[in-house]
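Just below is one structure, and these are the notes that go with it.
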Amino acid sequence: MSMNITLSREDVVRLCERVEGAQLRARAIPKLTDEYPGMTIGDGYAVQTELRRRFVAQGHRHVGWKAGLTSQAKMRQMGVDVPSIGFLTDRMARAENAAISTSDLVHPRVECEVAFVMKKALAGPGCTRQDVLDATDYVLPAVEIIDSRFSGFKFDLASVVADNGSSARFVGGGRARLVDELDLRTLGAVLEKNGEIVGMGASAAVLGHPADAVAMLVNILAELGETLPAGSFVMSGGITEAVPVRPGDSVVARFQELGSVSMRFVD
Amino acid sequence: MDESRIRQLGDELFDAWRARRTVAPLVEREPDIALEDAYRIQSRYIERRLAAGETIVGKKIGVTSKPVQDFLGVFQPDFGQLTSGMVHEEGEAIDLGTLIQPKAEAELAFVLKEDLKGPGVTAMDVIRATDYVVPCFEIVDSRITDWKIRIQDTVADNASCGVFVLGASRGDPRRLDITLAGMVLEKNGELHSTGVGAAVQGSPANAVAWLANTLGELGIPFKAGEVILSGSQSTLVPVADGDELVCTVGGLGSCRVKFSGRSAA
């Protein structure tokens, strides 16, 4: 992946303000490449980095990262062919079994994921599945609530990267497990909305193995000149397709060996 | 439908199976064919296979996922009989020349240690009566031209059963979460798709309970030692000469199958 930046510093700041405004006001905007058709993935990450810098300056705590667009199902659903990453802050975290407001979201969707908590720092390039497993404190099940700020969830990779990989909210929970007690490749997952099964799969759906998705994330971080610190919370990517939610919906993600994570959505 | 017509259609399917050729959809020719008629045709077809020297070794459950039920416009699964001629050993290549238009499905198979007699059988009874579960491949095949099936066609055609392969790893459903166990399907070393036990009627044990109750109503025995293919947890995978498939059930193990030759259609 080329991290070539073509936008001027002024354009990066301008686009960052546009994305930040859309996130704060929960308003859909046209994808950024409509105005900047030559925008690269590197430009997208420059906007995302500026957004992270601003959030941290406002006192948000940067708690970790998420891998996005990691399954064939998701890439097909979104019409892209490379995974992406986004950052996570404490303001995006919601507690297990919480009532989550949708009034500050545009068009939220949920997906279930295997999440990692790191006990050692990791740096790319060349980070491998084994490096990730060795550096993992524990894994746990999680639900990511994604929310593209682009109209109709229509975007290209550069725009979605600038929009922080559609990151919005996340809920970790269930049962924490040590990685050497699990086969992380074959964990089954079922996503239920209002008691009905709306998504199913096994963890191999995420780039063949969730730890491979984390290794990919660390290697993308290296291209951005960043490392993954010890203590980071990392979501490895959706096992199922993302499912829209509305106020009144109740969601449960059930995982083999990892228990379940539940939440409900309100106005 | 009168008995002579039932026998005629059952014989036609038997002849098609033996000659590796297809027949026109039965529903096109018998628009009023009822599901009960279809099961009677299936019985005739199986009688012919038993008369030719095979034995009953188990049952298969089909049409267990919501997308397939929606496609066929039904609200419940169907079933077929497994015979001794359908059994293939893991590791031996399946000769596609013995099949017409095969596709593979990854499933969880049950082997019973006690008879199950419906009605009134629950999923808990199924777990209690199960000796072990194994990952397996069912190679479905249709004697109906171009798979143009309605539910009556597939039921009459023994639930489109072709052949099957059981994996070597046996698991105890009391120690394995059969509902949430992941299913990873690889084709020629690459990830093909993933699934989970819940794709089958919410849990594979629910499908087996449905079968026990349905067989009970029909007075068909469901005996200890029988193999039950509980329903597909994957999409249908087309197979060709040289293909190798592996399915892995989380917490249980794998089943591997190879194919050689060319199918008839």
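Rg(Cα) of chain A divided by 2.2 N^0.38 Å?
Numbers: Rg = 17.1 Å, N = 267, 2.2 N^0.38 = 18.4 Å.
Taking N as the residue count of chain A, the ratio is 0.93.
Using 1/(1 + (r/R0)^6) with R0 = 60 angstrom and r between the beta carbons of B:L35 and B:A168, what's the FRET efficiency to the nearest 0.05?
0.95
From a point 7 Å beyond the Cα of B:D115 in the direction of its Cβ, which residues of segment B:208-236 have a backbone N at a distance under 17 Å?
Of the residues in segment B:208-236, B:212-227 have backbone N under 17 Å from the label point off B:D115.
What are the equivalent ellipsoid semi-axes of segment B:78-166, built from the alpha-carbon gyration tensor (square roots of five times its eigenvalues), in whole angstrom, biggest first?
26, 18, 10
Can you list residues whose amide H is under 5 Å from A:D249's amide H, if they're 5+ apart or on another chain and H is modeled 1.01 Å from N?
It is A:F265, by chain and number.
So, R0 is 56 Å and r is the distance between the beta-carbons of B:A264 and A:A230; what FRET efficiency does that work out to, to 0.05?
Numbers: r = 60 Å, r/R0 = 1.08.
Result of the calculation: an efficiency of 0.40.
Counting other Cβ atoms within 10 Å, which trypsin sites (Lys or Arg not before Pro) in segment A:164-243 have at most 16 and lie in a DSSP loop?
When the trypsin sites (Lys or Arg not before Pro) of segment A:164-243 are filtered for loop state and at most 16 Cβ neighbours within 10 Å, A:R175 remain.
Suppose the Debye formula is applied to equal point scatterers at every Cα of segment A:9-109; what is log10 I(q)/I(0) at q = 0.18 Å⁻¹?
Log10 I(q)/I(0), no solvent term: -1.13.
A:K119: which lysines have alpha carbons under 22 Å from its alpha carbon, excluding same-chain residues fewer than 8 sequence positions away?
A:K66
Between A:A121 and B:D95, what is the spin-label point distance in nm, taking each point 7 Å from the Cα along the Cα→C-beta axis?
Each label point is offset 7 Å from its Cα along the Cβ direction, giving 6.4 nm.
Pairs B:K59/B:K113; B:K103/B:K148; B:K59/B:K223; B:K66/B:K113; B:K103/B:K258; B:K59/B:K117: which exceed 18 Å Cα-Cα? Working shown, then result.
Numbers: B:K59/B:K113 15 Å; B:K103/B:K148 14 Å; B:K59/B:K223 10 Å; B:K66/B:K113 30 Å; B:K103/B:K258 13 Å; B:K59/B:K117 14 Å.
Exceeds cut-off: B:K66/B:K113.
Based on the Cβ-Cβ distance from A:D267 to B:Y132, what FRET efficiency comes out when R0 is 56 Å, to the nearest 0.05?
Numbers: r = 50 Å, r/R0 = 0.90.
FRET efficiency, A:D267 to B:Y132: 0.65.
How big is the charge dipole of the protein assembly as shown about its Cα centre, in debye rounded to the nearest 20, if each Lys and Arg gets +1 on its Cβ and each Asp and Glu gets -1 on its Cβ?
On the way: 57 positive and 71 negative charges, 187 e Å.
Once rounded to the nearest 20, the dipole reads 900 debye.
Using only the Cα atoms of segment A:127-181, what are the Rg and Dmax in Å?
15.5, 43
Specify the inter-centroid distance of segment B:88-165 and segment A:134-194, based on alpha-carbon positions, in whole Å.
Their Cα centres are 35 Å away from one another.
Calculate, axis by axis, the spread of Cα positions in segment B:3-260 along the three principal axes, and write the results as whole Å, longest axis first.
49, 45, 36
At each listed q (0.07, 0.08, 0.09, 0.11 Å⁻¹), what is the log10 of I(q)/I(0) that the Debye formula gives for the protein assembly as shown modelled as equal alpha-carbon point scatterers?
Computed log10 I(q)/I(0) values: -0.45, -0.58, -0.70, -0.94.
Bear in mind these aren't lab numbers, they're just calculated from the coordinates by the rules spelled out. Bear in mind that the values here come from a model prediction, so they are computed numbers and not experimental data. Please note: Cβ atoms are built from the backbone with ideal geometry, for glycine as well, and neighbour counts cover all protein chains shown.
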